[in-house]
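Quick notes on the structure that follows.
The values are calculated or read from the model by the stated rules, or taken from the named source; none is laboratory data. None of these values were measured; they are calculated from a predicted model. Note that each Cβ is placed from the backbone with ideal geometry, even for glycine, and that neighbours are counted across all protein chains shown. With ligands, DNA and RNA removed, areas are computed over all heavy atoms of the protein, side chains included. Shrake-Rupley method; radii C 1.70, N 1.55, O 1.52, S 1.80 Å.
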Amino acid sequence: MSFLLLAAAIAAAPINRTLSAPGPEGALAGTLVDAGKGAPLAVIIPGSGPTDRDGNNPMGIKAQPYKLLAEALGRQGISSVRIDKRGMFGSKAALANPDKVTIADYAADVHAWAKVARATTGAKCAWLIGHSEGGLVALKAGQDRTDICGVVTVSAMGRNFGDVLGEQLKANPANGPILEPALAAIEALKAGHSVPLDQLPPPLPMLFGPQVQPYLIDLMAQDSASLAASLRVPLLILQGDRDVQIGLPDAEALKKANPRATLVVLPGVTHVLKLADGADRASNLKTYTDPDLPIASGVVSAIADFVKR
């Protein structure tokens, strides 16, 4: 490769650099990909549980979908900041107990990130890209239009989280022995009631432990469809048709709630925003553990087209 070609390749590579925003007890941490002056700006909001800014999770997800998405958007001329949730990973100092949080808290953090990222890049407003549970956070944060251009939900719930969780548990035949108490726990939490540990046979305390029940109660009190209906900024709904965690009915529920929204169904795309090489479950789950598998190009192009339009 000639020196000029090498220089051009280096110039085109997205630049990742750390960024911080104010949190409740300390700084929130994230990574900025700066596509240059005048570029649109996006805040990438992570999904449920201990999911980090790159989209990885210690429970076996190593696909780094948010990192790959941010870098791909950077090559399309779109800046982004991807974030660690308060109390976790780089944002550990922001909250001593990461379980003591609400969806409204996460939405407040999104606005803090939008403010800092706008000041850093010069963007007039920020697009919110929320993945999975992050889609709910994006819809919540998008209700305040102060610094928000629009919202993109990716593999996001269109129904109550309790209903989605119950459906996921029913889909696995191995859950048969624990299904009845699990569904009873979900109904109790949906009603705003905590569930005693003695009503949770193993391994349900890992899913419904007392430390996370207040958050689950808050989460199950949220209504994604109502939030979508009341949104007054542009909304893009992305849904992979090989997503085994969130299905097309959720995306369709969001679209029905907000007919002005744009719905894009992505063929072959799994929950971690990558293409499965087969329709079987093993091929699907393989995409969760392969960081070298690229982000599905349809995800990137749909977001880039929507934001630039």
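Below is a table of values for the structure above.
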| quantity | calculated |
| --- | --- |
| Checklist (1) open to solvent by less than 50 Å² (accessible area, probe 1.4 Å); (2) out of contact with any Lys or Arg (no Cβ under 9 Å at 6 or more places or on another chain) applied to Ile217, failing item | (2) |
| Looking only at region 37-71, and only at residues there that are closer than 20 Å to Tyr215 by Cα and touching a helix residue (DSSP H, G or I) at 6+ places or on another chain (Cβ under 6 Å), the one that is surrounded by the fewest Cβ atoms within 10 Å (Cβ to Cβ) | Ser48 |
| Positions within region 23-63 being closer than 23 Å to Leu136 by Cβ and assigned to a strand (DSSP E or B), in sequence order | Leu28, Ala29, Gly30, Thr31, Leu41, Ala42, Val43, Ile44, Ile45, Asn57, Ile61 |
| Residue in region 251-300 that is farthest from Gly134 (Cα to Cα), counting only those that are out of contact with any helix residue (DSSP H, G or I) (no Cβ under 6 Å at 6 or more places or on another chain) and of a type in the set (Ser, Thr, Tyr) | Ser283 |
| Subset tally (residues that are part of a helix (DSSP H, G or I), open to solvent by less than 50 Å² (accessible area, probe 1.4 Å) and within 19 Å of Leu136 (Cβ to Cβ)) for region 160-189 | 7 |
| Odd one out for Val307 among (1) of a type outside the set (Gly, Ala, Ser); (2) open to solvent by 20 Å² or more (accessible area, probe 1.4 Å); (3) part of a helix (DSSP H, G or I); (4) in contact (Cβ under 8 Å) with a residue 60 or more places away in the chain | (2) |
| Every pair of residues 6+ apart whose Cβ atoms lie under 7 Å, when the first sits in region 178-199 and is without any contact (Cβ under 8 Å) to a residue 12 or more places away in the chain while the second is hydroxyl-bearing (Ser, Thr, Tyr) and loosely packed, with under 13 Cβ neighbours inside 10 Å | none |
| Within region 190-262, helices (runs of 4 or more DSSP H) holding 2 or more residues that are over 22 Å from the mean Cα position of the chain (by Cα) | 204-207 |
| Tally of residues being surrounded by 24 or more Cβ atoms within 10 Å (Cβ to Cβ) and out of contact with any strand residue (DSSP E or B) (no Cβ under 6 Å at 6 or more places or on another chain) across region 111-132 | 1 |
| Contacts under 8 angstrom Cβ, first residue in region 76-91 being within 21 Å of Pro50 (Cβ to Cβ) and of a type in the set (Asp, Glu), partner open to solvent by less than 10 Å² (accessible area, probe 1.4 Å) and not in a helix (DSSP H, G or I), 6 or more apart | Asp84/Leu28; Asp84/Gly30; Asp84/Pro46 |
| Top-ranked residue in region 44-76 [being more than 19 Å from Leu285 (Cβ to Cβ) and of a type in the set (Lys, Arg); ranked as farthest from the chain's Cα centre (by Cα)] | Arg75 |
| Unmet requirement for Ala138, which otherwise passes all of (1) in a loop (DSSP other than H, G, I, E, B); (2) surrounded by 24 or more Cβ atoms within 10 Å (Cβ to Cβ) | (1) |
| Contacts under 6 angstrom Cβ, first residue in region 274-285 being under 15 Å from Gly298 (Cα atoms), partner among the aliphatic types (A, V, I, L, M) and open to solvent by less than 10 Å² (accessible area, probe 1.4 Å), 6 or more apart | Lys274/Ala296; Leu275/Ala296 |
